[in-house]
Amino acid sequence: MYLMDYHHHTNHSFDSKAIMREVCKEAINKGLNEICFTEHFSLNPVVPTYGHMDFEKYFQDIKECRDQFESQLIVKAGIEICEPHQLINEYTQAFKSLDLDFILGSVHNINNDKLRIFLGNKSNLIAYREYFTEVYNMVSQADIDVIAHLDLLKRYAIQTVGNFKFHEVKDLIESILTKAIERNIGIEINTSGLRGKLNESLPSIHVIKLYKELGGEILTIGSDSHTVETVGSHLFEAIEMAKECGFKYMFKYEKRNPIAVKL
């Protein structure tokens, strides 16, 4: 089986100290065939992600890893944009000359507040409906390849208002997935939630099943790892989940073109 991890952060992201070369070595040790680095990036000066990314250094590290591990590991260059629907023209200009393979889009902030702050004193239903509405806005407008951790809010809400009730927000999630399919945008099985108290993938299996039922096909798998040790984390569980939901392929990307790989 061809093994890939399509969501990983290194010291090119503000919240990681992992060294790209060491991540590649660990990926090889764990039997991965391909890895995509998806560093956090934002052009919004009031969010934490802003100002950390040095693309010249990033691509230099990518090149060095490709050269060093050429026969052992395929290394792809990606990015995770926070709220890419808010500064569309600016992102288009910023990426015009960059040789990116893959772009994840995510909602980490709403009205410039981090999700933990956004939650405030909101009820479960109001918080999740507002969050999923923001994800819908992103999917409707942004130039991205895949939605990162579609139901991310639950990571921060689980200890306060709890997880969402699928039937209460299914209409919004269905709208997100329908729009994604219409725009040829995929979703990921993000395994980071399986490493902590959340104890489930992002999104949940209910969302993944609904995506398949609606005709969705483009599916990537990513550990969302910020350390060397967790590269490829829970990869096989994610593969089994994809199969359980009826998927026969997962996807990799080459210069932002999706390529099916048999599960």
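The values are calculated or read from the model by the stated rules, or taken from the named source; none is laboratory data. Just so it is clear, the structure is predicted and the values come from calculations on it, not from any experiment. Ideal geometry is used to build each Cβ from the backbone, glycine not excepted, and the neighbour counts take in all protein chains shown. Note: accessible area is taken over every heavy atom of the protein model, side chains too, but ligands, DNA and RNA are not part of it. Shrake-Rupley method; radii C 1.70, N 1.55, O 1.52, S 1.80 Å.
Things to note:
- Tilt relative to the chain, helix 166-182 - C-alpha long axis, 0 to 90 degrees, to 10: 50 degrees
- Accessible area per residue in Å² at 1.4 Å probe, computed on the chain: 44 Å²
- Using the Cβ-Cβ distance between Glu229 and Arg21 with R0 set to 25 Å, the FRET efficiency from 1/(1 + (r/R0)^6) comes to roughly 0.95.
- Selection of GluC sites (Glu not before Pro), region 1-85, meeting DSSP coil and at most 15 other Cβ within 10 Å: Glu70
- Extension reserve of the Asp113-Thr133 stretch, reckoned as 0.36 nm per residue once the Cα distance is removed: 5.7 nm
- Label point distance in nm, Arg66-Leu98, each placed 7 Å from Cα along Cα→Cβ: 1.5 nm
- Proximal lysines to Lys17, defined as alpha-carbon separation beneath 30 angstrom and excluding residues fewer than eight positions away on the same chain: Lys25, Lys30, Lys57, Lys63, Lys76, Lys96, Lys114, Lys154, Lys197, Lys252, Lys255
- Between 0 and 90°, nearest 10: helix 124-141 axis offset from the chain longest Cα axis: 50 degrees
- Sequentially through region 24-40, phi angles give Karplus couplings (6.51, -1.76, 1.60; θ = phi - 60°) of 4, 4, 5, 4, 5, 4, 8, x, 6, 9, 8, 9, 10, 8, 10, 6, 4 Hz, Gly and Pro residues having no value and appearing as x.
- Scanning the chain for trypsin sites (Lys or Arg not before Pro) that sit in a DSSP loop and have at most 16 other Cβ atoms within 10 Å, the longest stretch containing none of them is 31-95.
- Angle in degrees between helix 235-244 and the longest Cα principal axis of the chain, rounded to the nearest 10: 50 degrees
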